[in-house]
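Visitor: I'd like to ask you about the structure that follows.
The values are calculated or read from the model by the stated rules, or taken from the named source; none is laboratory data. Model, not experiment: these values are computed from the prediction. We place every Cβ from the backbone using ideal geometry, glycine too, and count neighbours over all the protein chains shown. Just the protein is used for accessible areas: all its heavy atoms, side chains included, with ligands, DNA and RNA removed. Shrake-Rupley method; radii C 1.70, N 1.55, O 1.52, S 1.80 Å.
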Amino acid sequence: MCSQQEQDLIYMRRALELAARGIGRTSPNPLVGAVIVKDGKIIGEGYHLKAGTPHAEIHALNAAGEAARGGTLYVTLEPCSHYGRTPPCCQAVIKAGIARVVVAMVDPNPEVSGRGLKQLAEVGIQVINGVLEDEARQLNEVFTKYITTRLPFVVMKSAVTWDGKTATRTGHSFWVTGPQAREEVHRMRDRYDAIMVGIGTVLADNPQLTTRLPPGEKGNDPVRIVVDSTLRLPLEARVINPSSKAPLLVVTTPRASEERRRALRERGVEIMVIDTHLDYVDLPVMLQELAKREITGILLEGGATLNASALEAGLVDKVVTFIAPKIVGGKEAPGMIGGLGQERMDQAWRLKRISINQLGEDLMLTGYVQK
């Protein structure tokens with residue numbers, strides 16, 4: 001027989017597995033999974049599928065029906081206590097007669113954090129908080145950043161050779177990494193609300209910036225964002241793709257001519273002008289505007305210039321670097337970070353919580369920027 005603590009871990013792991021099924025589909029809402037257990041058996045489970053649809057707890061309660069009375073609810077995030085796109089889950093949990101609620105983490109939203117747990121406890125429901133909290137926090141890292149700062153979570157992704165080059169000295173870059181690493185990049189595109197590049201990347205690589213998964217798998221195209229201070233985006237660029245339902249947003253400055261703006265708009269491109277009296281796009285202001293559009297997570301696939309600017313502005317939260325077992329050499333070959341760089345080693349941007357995975361011949365390094 002498992003102890004109560006061991007059972008809590010087992011069922012919370014199941015709830016986290018369910019929550020992960022919603023990755024890339026619930027924005028701007030969090031990822032949530034729920035499991036209802038009674039007499040040692042799962043009698044209902046569910047997860048949040050999409051913003052505006054019932055939450056995980058409601059799916060689990062509907063599956064359990066009347067049998068939920070006296071049962072234990074395992075949920076990866078504190079049940080909501082407020083009216084949003086849907087009614088509060090706390091009242092549904094209380095009405096169903098749940099006797100015990102086990103939660104992985106409280107809601108990070110500062111306006112409601114802890115309120116749901118308090119409501120449950122006030123009516124006599126036993127509340128346990130913090131079971132597999134670290135796993136739950138990592139799962140909802142995008143939502144947590146967005147709801148606490150009103151800024152998107154930014155992941156800087158790069159592919160480099162063993163000697164740190166993103167291309168050869170001639171600019172040739174197809175392909176730095178192998179097929180398995182490139183497939184993982186497309187899975188990343190499917191997870192985040194938007195993908196962002198600079199105009200230099202568009203001019204050099206002419207990318208589509210769409211999600212292309214293996215046959216039989218359907219992925220979502222993210223909102224495609226091009227940072228282009230003077231609107232140099234060619235009208236025939238592949239990123240202007242009418243076959244994709246995802247918007248193309250070009251962020252520019254007042255320096256861009258009205259003629260160029262009009263020509264791009266005629267091709268379905270949305271233009272965002274950031275007017276901060278700078279000659280370049282003010283990235284912090286741009287991110288604030290993107291957050292207002294409920295863009296919670298951005299995959300930054302920029303070149304050396306945009307990557308450096310984002311790092312220098314303190315906007316990068318996570319770094320994912322694919323390293324291929326190739327050496328191209330050349331002092332003129334570009335690297336993943338441009339700009340002036342830091343003067344001293346003790347000023348370097350440091351990464352923490354490092355993980356390494358192998359995808360085919362390539363390595364995938366993941367780390368979080370220490371702030």
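Visitor: Counting just the residues of segment 333-359 that are touching a helix residue (DSSP H, G or I) at 6+ places or on another chain (Cβ under 7 Å) and either at pLDDT below 95 or not in a strand (DSSP E or B) (or both), which one comes out surrounded by the most Cβ atoms within 10 Å (Cβ to Cβ)? Reasoning before the result, please.
Guide: Going through segment 333-359, the residues touching a helix residue (DSSP H, G or I) at 6+ places or on another chain (Cβ under 7 Å) turn out to be 334-339, 349, 359.
After this cut, where a residue has to be either at pLDDT below 95 or not in a strand (DSSP E or B) (or both) as well, the list is 334, 336-339, 349.
Numbers: P334: 21, M336: 19, I337: 19, G338: 16, G339: 13, W349: 15.
Selected residue: P334.
Yes/no matrix, rows are residues, columns are (1) part of a loop (DSSP other than H, G, I, E, B); (2) closer than 25 Å to N29 by Cα; (3) in contact with a strand residue (DSSP E or B) (Cβ under 8 Å, 6 or more places away or on another chain):
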{"position": "G124", "(1), (2), (3)": "yes, no, no"}
{"position": "R137", "(1), (2), (3)": "no, yes, no"}
{"position": "L151", "(1), (2), (3)": "yes, yes, no"}
{"position": "A167", "(1), (2), (3)": "yes, no, no"}
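Visitor: What do you reckon, is K318 closer than 30 Å to M272 by Cα and of a type in the set (D, E, K, R)? Talk me through it step by step, then tell me what you get.
Guide: On the way: closer than 30 Å to M272 by Cα: yes; of a type in the set (D, E, K, R): yes.
It is true that K318 is closer than 30 Å to M272 by Cα and of a type in the set (D, E, K, R).
Visitor: Among the residues that make up segment 49-61, is at least one of them at pLDDT 95 or above, β-branched (V, I, T) and out of contact with any helix residue (DSSP H, G or I) (no Cβ under 7 Å at 6 or more places or on another chain)?
Guide: no
Visitor: Show the residue pairs meeting these rules: Cβ distance below 7 Å; 6+ apart or different chains; first residue within segment 265-291 and farther than 21 Å from V316 by Cβ; second residue part of a helix (DSSP H, G or I).
Guide: Here the result reads I271/R261; I271/L264; I271/R265, each pair linking segment 265-291 to a residue that is part of a helix (DSSP H, G or I).
Visitor: I'd like the full set of residues that are assigned to a loop (DSSP other than H, G, I, E, B) and open to solvent by 20 Å² or more (accessible area, probe 1.4 Å), limited to segment 292-303.
Guide: Within segment 292-303, R293, E294, E301, G303 meet the criteria.
Visitor: I've got another one for you. If you go through segment 188-203 one residue at a time, do you hit one that is without any contact (Cβ under 8 Å) to a residue 40 or more places away in the chain, among the small types (G, A, S) and either touching a Pro at 6+ places or on another chain (Cβ under 9 Å) or over 21 Å from R21 (Cβ atoms) (or both)? Break it down stepwise before answering.
Guide: If we filter segment 188-203 for residues that are without any contact (Cβ under 8 Å) to a residue 40 or more places away in the chain, which is where we start, we get 199, 202-203.
Keeping just the survivors that are among the small types (G, A, S) gives none.
No, segment 188-203 contains no residue that is without any contact (Cβ under 8 Å) to a residue 40 or more places away in the chain, among the small types (G, A, S) and either touching a Pro at 6+ places or on another chain (Cβ under 9 Å) or over 21 Å from R21 (Cβ atoms) (or both).
Visitor: Further question on the same structure: If you take the residues in segment 304-331 that are in a loop (DSSP other than H, G, I, E, B) and more than 25 Å from G178 (Cβ to Cβ), which one is most open to solvent (accessible area, probe 1.4 Å)?
Guide: Taking segment 304-331 first, the residues in a loop (DSSP other than H, G, I, E, B) are 313-317, 325-331.
With more than 25 Å from G178 (Cβ to Cβ) added as a condition, the list becomes 313-317, 331.
On the way: A313: 45, G314: 44, L315: 20, V316: 2, D317: 19, K331: 187 Å².
Checked segment 304-331; the qualifying residue most open to solvent (accessible area, probe 1.4 Å) is K331.
Visitor: Quick one: is C80 touching a Leu at 6+ places or on another chain (Cβ under 9 Å), of a type outside the set (K, R), more than 17 Å from G130 (Cβ to Cβ) and buried (at least 16 other Cβ atoms within 10 Å of the Cβ)?
Guide: When the stated conditions are applied, C80 does not pass them.
Visitor: Another question, if that's okay. Here is a check on your reading of the model: is D107 in contact (Cβ under 8 Å) with a residue 24 or more places away in the chain, open to solvent by 10 Å² or more (accessible area, probe 1.4 Å) and of a type in the set (D, E, K, R)?
Guide: Spelling it out, D107 is indeed in contact (Cβ under 8 Å) with a residue 24 or more places away in the chain, open to solvent by 10 Å² or more (accessible area, probe 1.4 Å) and of a type in the set (D, E, K, R).
To keep it simple, each residue is scored yes or no on (1) among the aromatic types (F, W, Y); (2) open to solvent by 40 Å² or more (accessible area, probe 1.4 Å); (3) farther than 17 Å from A99 by Cβ.
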{"position": "Y11", "(1), (2), (3)": "yes, no, no"}
{"position": "R14", "(1), (2), (3)": "no, yes, yes"}
{"position": "T26", "(1), (2), (3)": "no, no, yes"}
{"position": "N29", "(1), (2), (3)": "no, no, yes"}
{"position": "A34", "(1), (2), (3)": "no, no, no"}
{"position": "H59", "(1), (2), (3)": "no, yes, yes"}
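Visitor: Go over the candidates P247, P215, P234 one by one and state the one that is surrounded by fewer than 19 Cβ atoms within 10 Å (Cβ to Cβ), touching a helix residue (DSSP H, G or I) at 6+ places or on another chain (Cβ under 9 Å), over 24 Å from I337 (Cβ atoms) and not hydrophobic (A, V, I, L, M, F, W, C).
Guide: The unique qualifying residue is P234.
Visitor: When the residues of segment 1-52 are narrowed to those that are within 20 Å of the chain's Cα centre (by Cα) and among the hydroxyl-bearing types (S, T, Y), which ends up nearest to E135 (Cα to Cα)?
Guide: Out of the qualifying residues, it is Y47.
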